Amino acid sequence: MINLFGYQGETEEFANLKLFCDESGTNDWLYLGILIIPKVLEQELLQDLLNSRCGNLKGKKIWGKCNPFCKFHRKNDTEVHFSEIEKSKDKYFVAKRWLDYFLNDRKNIYFYILGINLTKLDKSKFGIKRQQNNIYNRFFRTAILKSVKSYFYKYNKIIIENIYHDNSISLQTHSYFSWHSIFYISDKDEKVYFRTNEIDFIDSDHRKSSNSYSNFIQFIDLILGCARNCIEYTSKNIDKEELLIQCLPIISRLIKNPNNINSKYNYVGRQKIEFFPKYDLKNIDENTLEYKYKKMNGFFTKKNLRIENRKQGSLF
């Protein structure tokens, strides 16, 4: 039997992956998102995203195959960034079509989102300078390991060929971020291997980067932005609210019932949203059993979705 990665047998040997990452946050919460793409699915996923950009109702919806002067192509060749949706209806409509693809996908989209409650961390353990970057660096490697080892546990070896991250001056100039997670995991974990020594930073705008991988950065930004804002619901923009309502069915299930193997969205083993820490870790001696227990059992999934509380009765 040949599985979706092209390997035979019940026990597979290699899973070749590429990771595309983005971040978001406030003073109290830090969110990171990782889009995990098996190499054998890369071209299919990319073409699906590109084709989903097309807004020409009469066209074949094959990106790049239309008339060079197609007005729909020019309008849809834009950067999709959740925080900037309100700047353009074109951005909104591309995001809407991407979320349609997300909701209808059953096999191609793997991602992991981790929300970190900064108010419950003992920040003194992360140094004095560039504290938030240090926290992000620490949990970035945790997110990599928790996701790839959970989703691809059947494989003898998990090979991460590249890690791409949206441009970030603070992270690019950080002393450790670009290499430390790779070095640490390579040194400590016997199952995960890297074919790169550093994280590659690319502009999320494909028109600036001239790199089709920017579409993957935009896609994880959109999913991360929607997940975060379903939880916080701080934006009053109508277009953003429509996107949140659109993706709420799957976001709600991922948070409220993450282990439902019978879900029509088939997300178990492919998609997860988690939070940390469950317990307040401040002012607890890290050498005590209490601290070790609360840290070890600190990841959780269930969380209130404010969009449901504020919009009850008018969502559907």
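Take the residues of the range 253-309 that are of a type in the set (Asp, Glu) and either in contact with a helix residue (DSSP H, G or I) (Cβ under 9 Å, 6 or more places away or on another chain) or in a loop (DSSP other than H, G, I, E, B) (or both): which is nearest to Lys149 (Cα to Cα)?
Looking only at the range 253-309, we keep the residues that are of a type in the set (Asp, Glu), and these are 274, 280, 285-286, 290, 308.
Pick out the ones that are also either in contact with a helix residue (DSSP H, G or I) (Cβ under 9 Å, 6 or more places away or on another chain) or in a loop (DSSP other than H, G, I, E, B) (or both) and you get 274, 280, 285-286, 308.
Working: Glu274: 15, Asp280: 27, Asp285: 30, Glu286: 26, Glu308: 32 Å.
Looking at residues that are of a type in the set (Asp, Glu) and either in contact with a helix residue (DSSP H, G or I) (Cβ under 9 Å, 6 or more places away or on another chain) or in a loop (DSSP other than H, G, I, E, B) (or both), I get Glu274.
For every residue, the table says whether it meets (1) among the aliphatic types (A, V, I, L, M); (2) in contact (Cβ under 8 Å) with a residue 24 or more places away in the chain.
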| site | (1), (2) |
| --- | --- |
| Tyr151 | no, yes |
| Tyr164 | no, yes |
| Ile169 | yes, no |
| Ser186 | no, no |
| Lys191 | no, yes |
| Thr196 | no, yes |
| Glu232 | no, yes |
| Asn237 | no, yes |
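From the list Thr78, Thr119, Thr26, which one is in contact with an Asp or Glu (Cβ under 7 Å, 6 or more places away or on another chain) and closer than 21 Å to Asn237 by Cβ? Walk me through it before giving the result.
Numbers: Thr119 fails: closer than 21 Å to Asn237 by Cβ; Thr26 fails: in contact with an Asp or Glu (Cβ under 7 Å, 6 or more places away or on another chain).
None of the other options fit; the residue is Thr78.
Failed condition for Glu44, given (1) crowded, with 18+ Cβ neighbours inside 10 Å; (2) at pLDDT 95 or above, with all others met?
So Glu44 meets the others, but not (1).
I'm trying to understand the selection: among the residues of the range 88-134, which are buried (at least 19 other Cβ atoms within 10 Å of the Cβ) and not in a helix (DSSP H, G or I)?
Ile109, Tyr110, Phe111, Tyr112, Ile113, Leu114, Gly115, Ile116, Leu121, listed by residue number.
When you scan the range 64-92, how many residues do you find that are over 19 Å from Tyr213 (Cα atoms) and of a type in the set (Gly, Ala, Ser)?
So the count comes out to 2.
Among the residues of the range 21-54, which ones are more than 16 Å from the chain's Cα centre (by Cα), outside any helix (DSSP H, G or I) and not charged (D, E, K, R)?
Thr26, Asn27, Cys54
Working only within the range 231-243, note down all residues that are among the hydrophobic types (A, V, I, L, M, F, W, C), surrounded by fewer than 23 Cβ atoms within 10 Å (Cβ to Cβ) and either out of contact with any Leu (no Cβ under 8 Å at 6 or more places or on another chain) or under 17 Å from Glu84 (Cα atoms) (or both).
Within the range 231-243, Ile238 is the sole residue that qualifies.
Condition check: part of a helix (DSSP H, G or I), aliphatic (A, V, I, L, M) and in contact (Cβ under 8 Å) with a residue 12 or more places away in the chain. Does Ile160 satisfy that?
For Ile160, the condition - part of a helix (DSSP H, G or I), aliphatic (A, V, I, L, M) and in contact (Cβ under 8 Å) with a residue 12 or more places away in the chain - is not met.
Can Glu84 be described as part of a loop (DSSP other than H, G, I, E, B) and within 19 Å of the chain's Cα centre (by Cα)?
Against the criterion (part of a loop (DSSP other than H, G, I, E, B) and within 19 Å of the chain's Cα centre (by Cα)), Glu84 does not qualify.
How many residues does the range 163-177 contain that are over 15 Å from Thr142 (Cα atoms), out of contact with any strand residue (DSSP E or B) (no Cβ under 8 Å at 6 or more places or on another chain) and assigned to a helix (DSSP H, G or I)?
Total meeting the criteria: 2.
Output yes when any residue across the range 67-79 is under 19 Å from the mean Cα position of the chain (by Cα), assigned to a helix (DSSP H, G or I) and of a type outside the set (Lys, Arg), and no when none is.
Among the residues of the range 67-79, not one is under 19 Å from the mean Cα position of the chain (by Cα), assigned to a helix (DSSP H, G or I) and of a type outside the set (Lys, Arg), which makes the answer no.
Filter the range 191-224 for residues that are in a helix (DSSP H, G or I) and surrounded by fewer than 19 Cβ atoms within 10 Å (Cβ to Cβ) and give the result.
Arg207, Lys208, Ser209
Just to be sure, is Tyr279 more than 21 Å from Ile34 (Cβ to Cβ), in contact (Cβ under 8 Å) with a residue 60 or more places away in the chain and not aliphatic (A, V, I, L, M)?
On the way: more than 21 Å from Ile34 (Cβ to Cβ): yes; in contact (Cβ under 8 Å) with a residue 60 or more places away in the chain: yes; not aliphatic (A, V, I, L, M): yes.
Yes: the conditions hold for Tyr279.
The values are calculated or read from the model by the stated rules, or taken from the named source; none is laboratory data. Nothing here was measured: the structure is a model prediction, and the numbers come from that model. Every residue, glycine among them, receives a Cβ derived from its backbone with ideal geometry; neighbour counts consider all protein chains shown.
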